[in-house]
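Report on the following structure.
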Amino acid sequence: MTHTNPTINNSQPTTTEQSTPLNPQGYSRIQPTAELIGLHHQTLRRWWKADKFPKPININGIPMFRNSDILRFIENQQSVSEGV
């Protein structure tokens, strides 16, 4: 039996998952955001507490990132790495 739930199956994401763009008006939870950025979720928590990453907002008791903040962070990281 094969698991397709990404929280259970720790295999590499498929090509369709990698190419799915974030909706700028949407929100993302910590774990998927950390995986998208390529960080451990605890590193992401340390980064937002140290103001290195946008802070999440609290939606019904769940910390959620604005997708627009995530996209802006990724764009800034790409522009910094291209400038080197």
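The values are calculated or read from the model by the stated rules, or taken from the named source; none is laboratory data. Everything quoted here is computed from the prediction, not taken from an experiment. In this analysis, Cβ positions are derived from the backbone assuming ideal geometry, glycine residues included, and neighbour counts consider all displayed protein chains. Surface areas here come from the heavy atoms of the whole protein model, side chains and all, with no ligands, DNA or RNA. Shrake-Rupley method; radii C 1.70, N 1.55, O 1.52, S 1.80 Å.
List of remarks:
- Subset tally (residues that are β-branched (Val, Ile, Thr) and under 16 Å from residue 24 (Cα atoms)) for region 41-71: 2
- Extreme residue, most open to solvent (accessible area, probe 1.4 Å), among residues of region 26-56 that are touching a residue at least 24 places away in the same chain (Cβ under 8 Å) and outside any helix (DSSP H, G or I): 29
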